[in-house]
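The values are calculated or read from the model by the stated rules, or taken from the named source; none is laboratory data. None of the values given here were measured: they were computed from a predicted structure. Reconstructed Cβ throughout: ideal geometry from the backbone, glycine too, with neighbour counts over all protein chains shown.
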Amino acid sequence: MKIAIQGELGSFSHEAASRMVPQGTPVPCARSAEVLDRVELGASKGGVDAAVIPIENSLAGSVAEHFDLLLERDVCVRNEMQLRIVHNLIAAPGVKVKDLRRVLSHPVALDQCRDFFRQHPQIEPVPFYDTAGSVKHVVAEHARDAAGIASRKAAAVYGGKILAAGIEDNRENYTRFFLVQRLTKRATRNGSKLVAPPILPHANKTSIAFRVRNEPGALFKALAVLALREISLSKIESRPFRGHPWEYVFYADFLQGQSEAAHHALRHLAEVADFVKVLGVYPAAGRK
């Protein structure tokens, strides 16, 4: 299987893809939109079989662009995993910490290593487009005064040397990844209030997106369809509804899969919401 990832080989998305689809071949993509483009195209037409995308970090929060793309595109979530994020300081062979004047990485990674920069005030944090990409850059350039912050896999892929391991501030740093595939039938919200993908066996978690009218009690009524059936809501947040100023879409996860209660809850929700899209019904993940 070809598995699209956002970022370079050696990124945390690459690590997650390797664990979720061990026999898969990663296909690096520069942009998140390109990842979903390739999924929608399909492997038979030059695209990919699936993609692995980060959806939420336990410290930094949700990846907003990926929620928007899941809503807009004809794809569905087939699995999830939680990956422990360990940040490593990686440089070209022969470089030492005392030589460093710059450290490159994705802005989120830099922000999660504040203590390191406090302890080394002579080193400047420099935002870069990708964690693994920062290591690829400093090793390829044979930089003597620069390093990157990335995964251990990035050091292995690009021949970098780990100068310091586990430099993140908080050890409870996890990212949740989705395995995403193309819907076999085109999903449309035109004329349909409930869009649902195929359901996996042993699924016990559901991710949905829905929009309600701006009127008193609308959100209460939407959430009541779960509460009345004693379905546990594990996450909810709102995002702007693109193209509709000051209107919002709610993204929610609840802990039910293919059950009678979940089936009736979704049908009930479709009656009180403007639209409902089931993003995926899949097995809930444990930490890795």
Quiz item: Being assigned to a strand (DSSP E or B), surrounded by 19 or more Cβ atoms within 10 Å (Cβ to Cβ) and not hydrophobic (A, V, I, L, M, F, W, C), is that true of even one residue in segment 43-66?
Solution: yes
Practice problem: Would you be able to say whether some residue in segment 62-72 is over 23 Å from ASN204 (Cα atoms) and among the small types (Gly, Ala, Ser)? | Solution: yes
Quiz prompt | Filtered residues of segment 251-288 (kept if assigned to a loop (DSSP other than H, G, I, E, B) and of a type outside the set (Ser, Thr, Tyr)) | solution = LEU255, GLN256, GLY257, GLN258, ALA273, ASP274, PRO283, ALA284, ALA285, GLY286, LYS288
Self-check item: Residue satisfying condition, being under 24 Å from ALA203 (Cα atoms), in contact (Cβ under 8 Å) with a residue 12 or more places away in the chain and of a type in the set (Asp, Glu), within set ASP274, ASP253
Solution: ASP253
Quiz prompt | Per-region count, segment 114-125, residues assigned to a strand (DSSP E or B) and within 10 Å of ARG101 (Cβ to Cβ) | solution = 1
Exercise. Please name all residue pairs, on different chains or six or more residues apart, with Cβ atoms under 8 Å, provided the first residue is in segment 167-180 and is closer than 12 Å to ASP115 by Cβ and of a type in the set (A, V, I, L, M) and the second residue is part of a loop (DSSP other than H, G, I, E, B) and modelled with pLDDT of 95 or more.
Key: ILE167/HIS87; ILE167/CYS113
Exercise. Pick out the one residue from ALA285, ALA262 that is at pLDDT 90 or above, out of contact with any helix residue (DSSP H, G or I) (no Cβ under 8 Å at 6 or more places or on another chain) and in the same structural domain as VAL212 (by TED's automatic domain parsing).
Key: ALA262
Quiz item: Out of (1) outside any helix (DSSP H, G or I); (2) more than 23 Å from THR184 (Cβ to Cβ); (3) within 14 Å of the chain's Cα centre (by Cα), what's the single condition that is false for LEU89?
Solution: (3)
Quiz item: Residues VAL39, VAL77: which one is touching a residue at least 24 places away in the same chain (Cβ under 8 Å), in a helix (DSSP H, G or I), of a type in the set (A, V, I, L, M) and closer than 25 Å to PHE210 by Cα?
Solution: VAL39
